[in-house]
Amino acid sequence: MKIKAVLTIIGLLGSLSVMAKMDTIPVSRNYKTILVLPAPYDFSINGKELNFLESFPTKNASATSERIVLLIYNDVAPDTSDFTNYTIYTRDGRAYDFILQLVDIPAKKRWTITTDMVDNLEELSHKKSATELDESDFASHPDIKDTLATTKTVGEKLEIKPEKEIDGEPLPLTKELYVLDRMEYIRRRCYYNQFNKGKIIRYFSKYDDVFLWLENVYYENNEIYLQFRLENKEHIDYDVNFIKFSIATNYKNSSSNVKTEHKPLFRYKVPKKVEGNSENYFMVVFDKFTLDRRKSLVVDLDEEKGNRNLSLDIDQLVINNPSGFKL
């Protein structure tokens, strides 16, 4: 019992140490705080997204604009003192953890985020459990290599390597990770399988030379993974307004046809834009579900300021017979 108590105290001290090292970024109502990322922005997790507001530079301003995030505090929020957790993921697979704090005037208005701020604690936790760590684990940590690609030119051969490697070995997707952090497990599973070769033959919707392909359907643990490819063979860029999912009766001409929104659990790399003559792979994850023979999963993809809208019906035979991931 004494040993467990000591280990618990060590764990708590370690957590406090990590919190102490976490950068606090001041955000105000009247000044925008600028974050300059080392790689293009992917997505973020904001504990109080209605108070601490994110915005981005004008689209297509330059390549640098993809690395810029603007933060400001909502001027209609009644709070005079506020803070929250904030995590940014970049397209190279790194995650950066911060605390956002409301201030009157930020002493520093532009933050240059560097790769040494990356949260690498997760790699260490997968090597050994908390009770097995020794001093060698806290010595010089091996270099971690990150690679990620989201789009490619049509016809271009794409090669992808594991997201993060330690000593040349990809980090495992363990049951422990799934129990401790289900969403991080799902994110990594999407990363490793986003470019899998399609097994579903010619399952697509098209408008002229814009195609939405269903590449694969997978099942693991308690989730259904759908892998898509949005292909734009036209010269004009395709800007995505929204992509929605619903369950509907498969009698399209029936007056009793009803569509009910079916919200995903997780979206991975859903594009905002697919440039002309390029394609984008993405995955959408749902809590486990099945369909009866009268139902289908409908995917509606709407083009912003355009009419090249796509609708793809996925029938129950496809959803109810998913593949498993290769180990």
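The values are calculated or read from the model by the stated rules, or taken from the named source; none is laboratory data. All values derive from a computational prediction rather than experimental measurement. Cβ placement follows ideal geometry from the backbone for every residue including glycine, while neighbour counts extend to all protein chains displayed. SASA here: full protein model, heavy atoms, side chains in, ligands and nucleic acids out. Shrake-Rupley method; radii C 1.70, N 1.55, O 1.52, S 1.80 Å.
Odds and ends about this structure:
- Condition check for I247: of a type in the set (A, V, I, L, M, F, W, C), part of a loop (DSSP other than H, G, I, E, B) and over 19 Å from the mean Cα position of the chain (by Cα): no
- Of the residues making up the range 75-84, those that are open to solvent by 30 Å² or more (accessible area, probe 1.4 Å) and modelled with pLDDT of 90 or more are S81, F83.
- When the range 262-280 is limited to residues that are in a loop (DSSP other than H, G, I, E, B) and within 20 Å of E66 (Cα to Cα), the one that is nearest to the chain's Cα centre (by Cα) turns out to be K269.
- Consider the range 85-94 and keep the residues that are open to solvent by 10 Å² or more (accessible area, probe 1.4 Å) and in a strand (DSSP E or B). The one that is nearest to L50 (Cα to Cα) is N85.
- Residue that is surrounded by the most Cβ atoms within 10 Å (Cβ to Cβ), among those in the range 276-327 that are small (G, A, S) and closer than 13 Å to S205 by Cβ: S296
- Pairs meeting the criteria (first residue in the range 199-213 and β-branched (V, I, T), second residue assigned to a loop (DSSP other than H, G, I, E, B), beta carbons under 9 Å, at least 6 apart or on different chains) are V210/K233; V210/E234; V210/R308.
- The range 99-116 - residue that is surrounded by fewer than 19 Cβ atoms within 10 Å (Cβ to Cβ) and more than 11 Å from Y31 (Cα to Cα) and, of those, modelled with the lowest pLDDT: D116
- Unmet requirement for K305, which otherwise passes all of (1) on the phi > 0 side of the Ramachandran plot; (2) assigned to a strand (DSSP E or B): (2)
- Which numbered condition K199 misses (of (1) under 21 Å from F43 (Cβ atoms); (2) at pLDDT 85 or above; (3) not acidic (D, E)): (1)
- Here the condition is being under 30 Å from Y238 (Cα atoms), among the β-branched types (V, I, T) and loosely packed, with under 14 Cβ neighbours inside 10 Å; of V36, V69, it holds for V36 alone.
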